[in-house]
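Everything below concerns the one structure shown next.
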Amino acid sequence: MKFSKSSQLFLVSSIGLLVATLLAACSVSTVDYVFVTSAPSSSTGQIYTFDADSESGALRSGSAAVSSGGVDPVAMAVTSDYANLYVANNTTGNVVHFTIGSNGVLTESGSISIAAPVALAVNSAGTYLYVVSGTTSATLSEYALSSGTISSTATATQPLTRSGDTMVPTGITVLANTSTVSGNGVYVTAYDQTASSGWIFGFTVTGGALNATASSPYAAGVQPSSIASTPTDLYVYVTDYALNQLIGYSIVDGALSSKGIPLTSTGNEPSAVAIDPRGLFIYVSNAGDSTVSAYAITLASGTPTAVVNSSGKTDTGPVAIAVDPALGRFVYTANYLSSSLSGFRLNSTSGALTTTQGTSYTTPDPTTLVIVPHGNHATESVSP
């Protein structure tokens, strides 16, 4: 059988269209960049980049790894426009600023020195960076930001102290909105290693000044390990590493109250907590039994309720957890002891987790992670 020239052209065009369609169907769309710090023993830390697939949540290696700018990176924070990343290197004693390219490439852009930084946060306006530092004493420092650049000196500092206590700082959260607090609310967790008591120190920020909230500090179990606030500024949640509990607080004019929110059991040795961008679900990584606990938030009271039929088994020793902000449907943990990341798909109705395709993902000595939406994806959000 012999085709005419026009038939041959039509056949070639049809085959080309079919191939293009198949390639488009098989193409991978990146919804998020996942940045992960690595802390190899006694050597300079690294930041690894992973691209998250928008359909499956599977991770693949992204841009080349870059130096964290110091030894022992332990914390990261990003500005709300996702243009700037900050990394705290505990042993070196510095906080390094990186700009984030639209393709996920990180470029170092300056640093500040501060002894033993352990936790970072940025306010929603992107005007202040908050650094919690110390080993046997704790301090909250506030640095002004100008187009992401960190001021060389702190605009305000507050010691986190109680009489006779030896405070070890562990975490920080900054309220996302300002509707319920006059001036952004800042909350820092710490525990007294001699008296076995945990605390939350609360502050409001007015004109750059840090002002203690009423009745601060607030009792927070025995050994609070992490803290997170809902995007509507209604509730704060803290994990207690020693008692295996999730502790909830309502926010009233900046002050915290645990009244009416029952203590909730977690897995063993809860290490980190994250809240989905809609403010509906809480996820806790448990280092002791290598699991993720999932909870639905009762919005009227703040009470967490365990999500049923959630498969939250991670690799060994999860130390950090994050929810993707672009779609709000993927959860990832950094598993230090197994040098890996674990991925989960979040059911947006029930909050239940199922593992992502190809999980887990090899990453040497991961310590913390943050997630940044790819430029062509909107972020999930709620209104106060």
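Where a number appears in this text, it was derived from the coordinates with a stated rule and is not lab data. This structure is a prediction, so every number in the text was calculated from the model and none was measured. Neighbour counts run over all protein chains shown; Cβ positions are idealised from the backbone, glycine included.
Summary of values
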{"read-out": "Label-to-label distance, nm, for residues given as Asp81 and Ser41 (7 Å Cα→Cβ offset)", "value": "4.3 nm"}
{"read-out": "FRET efficiency estimate (nearest 0.05) - Cβ-Cβ, Thr161 to Thr305, R0 35 angstrom", "value": "0.45"}
{"read-out": "Size of charge dipole - the chain - debye, nearest 20, with Cβ of Lys, Arg +1 and Asp, Glu -1, no other charges", "value": "740 debye"}
{"read-out": "Folded to 0 to 90 degrees: helix 5-26 orientation relative to the chain principal axis, Cα", "value": "20 degrees"}
{"read-out": "Bins of 20 Å from zero: percent of alpha-carbon pairs in the chain", "value": "29, 57, 9, 4, 1"}
{"read-out": "Contact order relative to length of the chain, as percent, for alpha carbon pairs under 8 angstrom and 6 or more apart", "value": "12 percent"}
{"read-out": "Relative contact order [Cα under 8 Å, 6+ residues apart], region 234-384, whole percent", "value": "17 percent"}
{"read-out": "Rotationally averaged projected area of region 229-333 (alpha carbon convex hull; nm²)", "value": "6.4 nm²"}
{"read-out": "Potential extension, Gln193-Thr99 segment - 0.36 nm per residue separation minus Cα distance", "value": "30.1 nm"}
{"read-out": "Gain upon complete extension [Ser113, Ala64; 0.36 nm per residue less C-alpha separation]", "value": "15.1 nm"}
{"read-out": "Cα centroid separation - region 38-55 against region 114-184, whole Å", "value": "24 Å"}
{"read-out": "Simple label model, 7 Å out from Cα along Cβ direction - Ser137 to Arg278, nm", "value": "4.7 nm"}
{"read-out": "Normalised per residue, the volume of the convex hull around the Cα set of region 308-379 (Å³)", "value": "90 Å³"}
{"read-out": "Spatial separation of Cα centroids for region 287-349 and region 231-254, in angstrom", "value": "17 Å"}
